[in-house]
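Okay, so here's the structure we're looking at.
The values are calculated or read from the model by the stated rules, or taken from the named source; none is laboratory data. All of these numbers come straight from a predicted model, not from anything done at the bench. We place every Cβ from the backbone using ideal geometry, glycine too, and count neighbours over all the protein chains shown.
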Amino acid sequence: MLRYLPFLLVLALWIYAFVDCLNTPEEDVRGMPKLAWVFVILLFGEVLVGPVAWLIAGRARRGPDGATAAEGRWIAPDDNPEFLKSLNKDDKSLNKDDLKDDPKAE
């Protein structure tokens, strides 16, 4: 059973790269046209050249929020004005709630 593991891993990577290439929008494909990437993945899949080339050079990298590196960068919370506004709203609501529950305020 263990002797089939390398073949199954290669097959899984081959299928993943092929499906990922098909599902990637045309504007996110880098280097070559999408159809050319499909042929590269299919023709060179058994030796892992096609799928690895697709994963490294063919598609745009995405961050955890789904944005590509070209669309925007991650902003630290202390530099993000939306985050700072949400903190101000939370502070105001906490202060009102704290005064209601504080026996010394009465």
Restricting the stretch 26-36 to residues that are at pLDDT below 90 and loosely packed, with under 11 Cβ neighbours inside 10 Å, the one nearest to Ala12 (Cα to Cα) turns out to be Glu26
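For every residue, the table says whether it meets (1) loosely packed, with under 13 Cβ neighbours inside 10 Å; (2) outside the structural domain of Thr24 (by TED's automatic domain parsing); (3) of a type outside the set (A, V, I, L, M); (4) modelled with pLDDT under 90.
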position	(1), (2), (3), (4)
Val38	no, no, no, no
Leu43	yes, no, no, no
Glu46	no, no, yes, yes
Ala60	no, no, no, yes
Pro64	yes, no, yes, yes
Ala69	yes, no, no, yes
